[in-house]
Amino acid sequence: MHPNSVLNDLWQVGGRQWDEPKLRQQLLLEDAAHACCIYLPQHQCPDKLVWHYTKDGIYTVKSGYWLSLHLPDANDHIDPPLGNPLLKTKLWKTSLPPKLKHFYWRVLSAALGTAHELNRRGIPIEDTCQRCCQAVESINHMLFQCPYASKIWRLSNLPAGFTFSSSLEDNIEALLLMYNSGMNRDKQHLPFWIGWQIWKSRNDLIFNKITWETSSVLLKATDDVVEWLAATQPSIQRPPRNSPTVHSPSSQWTLPTTEVVKVNFDGSFHSHNGSIGVGWIIHGDKGTYLLSRSSKLKQASNPLWTERLALLHAIQSTWCCGYRKVILEGDCKALDDLLHRRTTSITMENLLVDIRSWADLFAEISFSLVRRECNQVADKLAKSAHYQPETI
Ligand SMILES: [Zn+2]
């Protein structure tokens, strides 16, 4: 990049959106994908300096000290990370949870602290596998070739469980082949969770001297898959029609005061294609149903932003519908903390700028938190949005 480049050189001309082809041209593909997910505020706000190494962007001595220990020397030559970049890209395109993508990225980059890797980095420790004492504890051995791991893979009955080789990249390729083979989603995900649980069991053995049964490793991995898929797949139901049936709110849901409307909102992240569904419903002061909507937003969004985007969408829509005295009600504690300034987050700052700018337009506006079971209609609307063919 040109040394005098500024950030908005990477925006679309005349707009406040990233110019994605330009991003990909200027940055590494992996970085460009992350950059595309950064929300750009639609309201102009002054630039300010933030400290990258704390969550709230404010400098602390502790973070400064940490940085001084970890900052690379300008004279040091930095090697690119190990591992096949093509394989890493394939991995990044899956709908696995971010922690698994990151874990397998570390696997491919030889960045897991197995005995062999620690030795390679100059830490003088015994490099034999503590599990079988038969081989050097490399990443490939620990995950695929150790007799303990082999037993788990065989127990899983997955096709790749019987064909692992001495090549780490071939083995990860085998997992990805299973992922893309059109099997059931649980079987697509299971091998990646098995590897994750083998790593966790290895750490429990090394650091806590606790041995897990092979069957319990497999069971934990299976539970993880069920839990992850249940949390991320939209429930199997048809989307509501234009005039949805409004279920009676539970006793926890309270009526707004006279002349005020209450807007319950929620968001839903679909990991399979990265889309975000948002839903909101408006009630009047007698609990009368006034309006509701569900929309599918463009992909390339960060799942952590789901609730924030749902709120922004609800505020904009409520304003456009002509309501000026509102209570916005959601079920996300982290968002409620941000809105009431109990916490701060530099990654959410841009989105909050827009939320606050829209909020300033109302005669009366407040934000409240309800329990999830009191927000079920908004939740269902958000999930139903995934069935919509078009994004906004
Ligand atoms: Zn071993």
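The values are calculated or read from the model by the stated rules, or taken from the named source; none is laboratory data. In this text, all values refer to a predicted model and were calculated from it rather than measured experimentally. Because the Cβ atoms are built from the backbone with ideal geometry, glycine has one as well, and the counts that use them run over all protein chains shown.
Give the range 47-73 a look and list any residue that's at pLDDT below 80 and of a type in the set (A, V, I, L, M, F, W, C), or say none.
Scanning the range 47-73 gives 69, 71.
Find the residue count for the range 133-163, including only residues that are free of Cβ contacts under 8 Å to residues at least 24 places away in the same chain and surrounded by fewer than 16 Cβ atoms within 10 Å (Cβ to Cβ).
9
Considering only residues that are within 11 Å of the ligand (Cβ to nearest atom), hydrophobic (A, V, I, L, M, F, W, C) and farther than 24 Å from residue 102 by Cβ, which ones fall in the range 135-192?
Result: 135, 136.
Considering the range 74-89 alone, what residues qualify as being modelled with pLDDT of 90 or more and surrounded by 16 or more Cβ atoms within 10 Å (Cβ to Cβ)?
Across the range 74-89, the qualifying residues are 87, 88.
For residue 194, state whether it is in contact with a helix residue (DSSP H, G or I) (Cβ under 6 Å, 6 or more places away or on another chain), assigned by TED's automatic domain parsing to the domain that holds residue 104 and buried (at least 20 other Cβ atoms within 10 Å of the Cβ).
Here the answer is yes, as residue 194 does meet what is asked.
Can you name every residue in the range 331-365 that is surrounded by fewer than 15 Cβ atoms within 10 Å (Cβ to Cβ), over 18 Å from residue 57 (Cβ atoms) and in contact (Cβ under 8 Å) with a residue 40 or more places away in the chain?
361, 364
Of everything in the range 109-132, what is in a loop (DSSP other than H, G, I, E, B) and within 15 Å of the ligand (Cβ to nearest atom)? Give them in sequence order.
112, 114, 126, 127, 129, 130, 131, 132
May I ask you to list pairs of residues, at least six apart or on different chains, whose Cβ atoms are under 7 Å apart, with the first in the range 104-119 being at positive phi and the second being not in a loop (DSSP other than H, G, I, E, B)?
Short answer, once both residue conditions are applied: 110/117; 110/139.
Testing residue 392 on (1) of a type in the set (A, V, I, L, M, F, W, C); (2) at pLDDT below 85; (3) buried (at least 20 other Cβ atoms within 10 Å of the Cβ), one condition comes back false. Which one is that?
Every condition holds for residue 392 apart from (3).
Only one residue in 381, 369 is under 30 Å from residue 58 (Cα atoms) and either surrounded by 15 or more Cβ atoms within 10 Å (Cβ to Cβ) or not assigned by TED's automatic domain parsing to the domain that holds residue 44 (or both). Which one?
Within the list 381, 369, the selection yields 369.
Out of the range 120-132, which residues are surrounded by fewer than 15 Cβ atoms within 10 Å (Cβ to Cβ) and touching a residue at least 40 places away in the same chain (Cβ under 8 Å)?
130
Just wondering, is there one or more residues in the range 25-46 that are part of a loop (DSSP other than H, G, I, E, B), modelled with pLDDT of 85 or more and either surrounded by 10 or more Cβ atoms within 10 Å (Cβ to Cβ) or among the β-branched types (Val, Ile, Thr) (or both)?
For the range 25-46, residues part of a loop (DSSP other than H, G, I, E, B), modelled with pLDDT of 85 or more and either surrounded by 10 or more Cβ atoms within 10 Å (Cβ to Cβ) or among the β-branched types (Val, Ile, Thr) (or both): absent.
Filter the range 56-66 down to the residues that are surrounded by 12 or more Cβ atoms within 10 Å (Cβ to Cβ) and not polar (S, T, N, Q) and list them by number.
The answer is 56, 57, 59, 64, 66.
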